Amino acid sequence: MSHLSSERLAELADSQPTIAEAEHLAACATCAAERSAHERLLSLAGDERGRLAPPLTDWSTLSARLRDEGIIATPGDETVEATTAVIPIVAPRRHRRAWLAALRVAAGIVFAAGFGALGRISAGASPAPSGREVASTLERVIGGGVDGGQGLIPSIDQQVAEFGAPFGSVDDAIATLSRSQREYDRAASFIAAHDPTAHSPEARYVFRTRLAALDEMAETSRQALSEAPTDPVLNQYYLSTLGAREVTLRQLGSVLAPGERLSRF
Amino acid sequence: MGTDQVLIQRAIEGDERALQTLWSQHSPHIDAVIRRLVGDPDLAADVAQEVWIQIFRALPTYRGESQFGTWAHRIAVNRTLNALRRSRRIAKSEADIEDDTVAVEHESERALLAASIEEAANRLSPGARTVFMMHDVEGYTHEEIARELGITPGGSKSQLFKARAKLRRLLAHVVDGLRPDTDTENVAPVF
């Protein structure tokens, strides 16, 4: 029997030879080696599926399109309705949205404090911030009102005194919260992109430590959500943690040594 | 109710954070699929945006019968192929693969060895690359490929084996340098 054609050998990478072909492959080292080479090529191709690549899209552009198409709900927009009733609606939609929007800011505050703690852990410091540090973080995020026994959130009178008239409506307030949320996300992305940690020799270890911590946070939130799937606070923490986890994964991917790769994410 | 369903439900309701989380979680894989199928980076970026819009438009039809990533992957492949058809890349593929395979001399290919599968695949005709990527990388069957591309399963097989033969030559240094059961890559820890 003559040598097998290159295309037939390529086919035999994932199929069985006929009896005559099998006899030839057993006797012909050249064809056997070629078949093995095709099997290795097939294995390499399979590995490609798990390969991660930098995104082709960016959220700011994509979100603008989604907003134009009405896929991202805007405050007061009642046209985007759920078509599957997976989550029980326990409150009027507008009120629930207002509640969720407020929670976003609250989660942002606590998450900022959480990232501060993560940074401390990465740096080898105690994870527990002092009361002054918490107050300082809150001050930076919400702009004051945390000292002197005045409570964490300024009263309406305090807000009026400092910022002027309150919002004209709940929709106005929600719109402001949404803008703030987008700014928060934008700033978080910018900080992640310019994180000086990425340039240090220990970056990969820092990111792995951060990732492990975020995994624990996500798992804890996930377990809690299995018991209270509609809890808005738990949902917000879970979403924030997942977002931070993905940012960290991308950062880790950017500091891997040549030849290294993330096997999953 | 699974947590993914909670996330998806919130995305269906238009919650930007939930939509962004889905995008953030899945774009490394979805965008990689698009990049592999399209080849050209500029076109791939355009296609990717349309793919994500389509995924989010179709979100209310997601029933949770498969993993979200699997469902989104199917949409990505389908929409990418549609985009390629529009750019007439697929339409030319049948003729291209014949010319391409026959015309390239073995020795001249050796002078143009590719550094990676992605680079080598970019030297295939668009049709051959599509079949190779769908079968050997994405795991589609010849029947599925035939349905998606409007060709016969036999045509899909023929293109695949020609593509593999050419890739084997383009990647000779990579394939011949490997030994069976030897992992030459450092794999990041599994998280």
Only counting other Cβ atoms within 10 Å, I'd like B:Met134, A:Met217 sorted with the fewest neighbours first. A:Met217, B:Met134
Sparse-neighbourhood loop hits (GluC sites (Glu not before Pro), segment A:164-220; DSSP loop; Cβ within 10 Å at most 14 others) -> A:Glu202
FRET efficiency for A:Glu183 and B:Arg147, Cβ-Cβ distance as r, R0 = 56 Å, nearest 0.05? 0.75
When the convex hull of its Cα atoms is projected in every direction, mean area for segment B:3-86 (nm²): 5.2
Inter-part gap, Cα centre of segment A:1-74 to Cα centre of segment B:9-58, in whole angstrom, is 23
For segment B:3-86, what is the charge dipole size about the Cα centre, in debye to the nearest 20, if Lys and Arg each add +1 at the Cβ and Asp and Glu each add -1 at the Cβ? 280
Most exposed first by the Cβ proxy, i.e. fewest other Cβ within 10 Å, how do A:Val233, B:Val175 rank? A:Val233, B:Val175
Derived scalar couplings ³J(HN,Hα) [segment B:133-148; Karplus, 6.51 cos²θ - 1.76 cosθ + 1.60; whole Hz; x for Gly, Pro]: 5, 5, 7, 7, 9, 7, x, 6, 7, 5, 5, 5, 4, 4, 4, 5
Report, as an integer, the average count of C-beta atoms from other chains found within 10 Å of each Cβ along A:62-70. 4
Partner shielding of B:163-173, taken as the mean number of other chain Cβ atoms within 10 Å, equals 5
Counting partner chain Cβ atoms within 10 Å of every residue's Cβ in A:2-15, what's the average? 4
Just to check I understand the Karplus step: with θ = phi - 60° and J = 6.51 cos²θ - 1.76 cosθ + 1.60, what whole-Hz values come out for segment A:208-214, glycine and proline as x? 5, 4, 4, 5, 4, 5, 5
In what order do B:His73, A:His199 fall by count of nearby beta-carbon atoms within 10 Å, going from fewest to most? A:His199, B:His73
Kirkwood hydrodynamic radius (C-alpha pairs) into Stokes-Einstein, segment A:6-45, 10 °C and 1.306 mPa s, D in µm²/s: 158
Between A:His194 and B:Asp176, what FRET efficiency follows from the Cβ-Cβ distance if R0 is 56 Å, with the result rounded to 0.05? 0.85
Among A:16-29, A:239-252, how do they line up by average Cβ neighbours within 10 Å per residue, starting with the highest? A:239-252, A:16-29
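Read-outs throughout are calculated quantities, based only on the coordinates presented, and are distinct from any laboratory measurement. The structure displayed is predicted, hence computed values, not measured ones. We place every Cβ from the backbone using ideal geometry, glycine too, and count neighbours over all the protein chains shown.
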